[in-house]
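J.: Let me give you the structure first, and then I'll get to my questions.
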Amino acid sequence: MGGRGPEEVTGLLAAYLAGTIRHTREVQRQVIERTAELVESRRQLDSLMQSLPGMVFRATFQDGLLQILYASEGTLALTGWSAADFTSGIVHFRDLVSNKELERARGIMGAAIITRTQFEIEYRIDARDGTERWLLSRGRGVFALNGTLEFIEGLTIDVTARKLAENERIKLERKLLEGQKFESLGLLAGGIAHDFNNLLTSILGNAGIVRGALAPGHEVDGKLQAIETGANRAAELCRQMLAYAGK
């Protein structure tokens, strides 16, 4: 076989270089397209996160402490602090929650991480403007392939209005229950007073009959008078009980 001539070698080299250039351009085109797709996907995701009510968050959870890695813009309306305030560590959620509720929240979250289930925590915070707000957080842990916890993702919303309405409903139910108790007591008092008044009427009637059958100045007359006086006082108490029952 004879060797390739210079022109043939040059042609092969040119074809190889042209193919390499086309491949490089195709790779660059695909990279640009994928990058644009990723940017658009990220934009859509961010838009969705910001449109959700409340705060979408991603955080780490170590030694019972929650460190916010990402928070949506709803954080500001929810707490009075911006998302950057939390992610930079200027403020922490534990600073806004009472110690008692903080311990309860840590227990619920820790148990959910161990069992790898979703957690749901309702708690109060003191917002930046000094108002007390009720929040509801739902989320779950995200784990690596080796089983270690990487971070926690979830959503926190303001449920203050619902909580206040629920408290008002409980107060109303208590008032209604107290009213029913007073009504029952009134019915009981009225029934007792009515029956007792009938007994007193019988006592007074019989005392009057005995007094009429005795001679004037009889020694029993004073005792009968004492019975009538006591019975009349008891009758007055009955009238007062009946008046109370009416109220």
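J.: Within region 30-83, track down each residue that is modelled with pLDDT of 90 or more, assigned to a loop (DSSP other than H, G, I, E, B) and touching an Asp or Glu at 6+ places or on another chain (Cβ under 7 Å).
T.: The answer is Gly80, and nothing else.
J.: Checking Glu173 against (1) among the charged types (D, E, K, R); (2) more than 30 Å from Ile114 (Cβ to Cβ); (3) open to solvent by 100 Å² or more (accessible area, probe 1.4 Å), which single condition isn't satisfied?
T.: It is condition (3) that Glu173 fails.
J.: Does Arg211 satisfy the criteria of being under 30 Å from Ser98 (Cα atoms), of a type outside the set (Ser, Thr, Tyr), surrounded by 14 or more Cβ atoms within 10 Å (Cβ to Cβ) and in contact (Cβ under 8 Å) with a residue 12 or more places away in the chain? Write out each step before concluding.
T.: Numbers: under 30 Å from Ser98 (Cα atoms): no; of a type outside the set (Ser, Thr, Tyr): yes; surrounded by 14 or more Cβ atoms within 10 Å (Cβ to Cβ): yes; in contact (Cβ under 8 Å) with a residue 12 or more places away in the chain: yes.
Considered against the rule, which asks whether it is under 30 Å from Ser98 (Cα atoms), of a type outside the set (Ser, Thr, Tyr), surrounded by 14 or more Cβ atoms within 10 Å (Cβ to Cβ) and in contact (Cβ under 8 Å) with a residue 12 or more places away in the chain, Arg211 comes out as no.
J.: Where residues in region 84-103 are modelled with pLDDT of 90 or more and part of a helix (DSSP H, G or I), which of them is surrounded by the fewest Cβ atoms within 10 Å (Cβ to Cβ)?
T.: Checking each candidate, the answer is Ala84.
J.: Shifting gears a bit: Pull out all pairs, ordered by first then second residue, where Cβ-Cβ is under 6 Å, the residues are six or more apart or on different chains, the first lies in region 88-101 and is within 17 Å of Thr131 (Cα to Cα) and of a type outside the set (Asp, Glu), and the second is surrounded by fewer than 16 Cβ atoms within 10 Å (Cβ to Cβ) and at pLDDT 85 or above.
T.: Here the result reads Leu96/Asp126, each pair linking region 88-101 to a residue that is surrounded by fewer than 16 Cβ atoms within 10 Å (Cβ to Cβ) and at pLDDT 85 or above.
J.: Any chance region 119-141 includes a residue that's basic (Lys, Arg), in contact with a Phe, Trp or Tyr (Cβ under 8 Å, 6 or more places away or on another chain) and closer than 19 Å to Asp63 by Cβ?
T.: So in region 119-141, the residues basic (Lys, Arg) come out as 124, 128, 133, 138, 140.
Retained after the next criterion (residues that are in contact with a Phe, Trp or Tyr (Cβ under 8 Å, 6 or more places away or on another chain)): 124, 128, 138, 140.
Next, only the ones that are closer than 19 Å to Asp63 by Cβ stay: none.
No, there is no match, as no residue in region 119-141 is basic (Lys, Arg), in contact with a Phe, Trp or Tyr (Cβ under 8 Å, 6 or more places away or on another chain) and closer than 19 Å to Asp63 by Cβ.
J.: Take the residues in region 104-143 that are basic (Lys, Arg) and closer than 25 Å to Ile90 by Cα, then tell me which one is most open to solvent (accessible area, probe 1.4 Å).
T.: Restricting attention to region 104-143, the residues satisfying the condition of being basic (Lys, Arg) are 104, 106, 116, 124, 128, 133, 138, 140.
Narrowing the set further to residues that are closer than 25 Å to Ile90 by Cα leaves 104, 106, 124, 128, 133, 138, 140.
Details: Arg104: 101, Arg106: 63, Arg124: 89, Arg128: 138, Arg133: 40, Arg138: 102, Arg140: 113 Å².
Step by step, filter region 104-143, then rank; the result is Arg128.
J.: Another question, if that's okay. Taking into account only those residues within region 183-208 that are within 46 Å of the chain's Cα centre (by Cα) and surrounded by 11 or more Cβ atoms within 10 Å (Cβ to Cβ), which is farthest from Gly230 (Cα to Cα)? Don't jump to the end; show me each part of the working.
T.: Keep residues of region 183-208 that are within 46 Å of the chain's Cα centre (by Cα), which gives 183-191.
Next, only the ones that are surrounded by 11 or more Cβ atoms within 10 Å (Cβ to Cβ) stay: 183, 185-191.
On the way: Glu183: 29, Leu185: 26, Gly186: 24, Leu187: 25, Leu188: 23, Ala189: 20, Gly190: 20, Gly191: 21 Å.
Per the stated criteria, the residue is Glu183.
J.: Which number in (1) in a strand (DSSP E or B); (2) without any contact (Cβ under 8 Å) to a residue 12 or more places away in the chain; (3) not β-branched (Val, Ile, Thr) marks the one condition that Ser137 misses?
T.: It fails just one condition, (2).
The values are calculated or read from the model by the stated rules, or taken from the named source; none is laboratory data. In this text, all values refer to a predicted model and were calculated from it rather than measured experimentally. No Cβ is skipped: glycine too gets one built from the backbone with ideal geometry, and neighbour counts run over all protein chains shown. Surface accessibility is based on the protein's heavy atoms, side chains included, excluding ligands, DNA and RNA. Shrake-Rupley method; radii C 1.70, N 1.55, O 1.52, S 1.80 Å.
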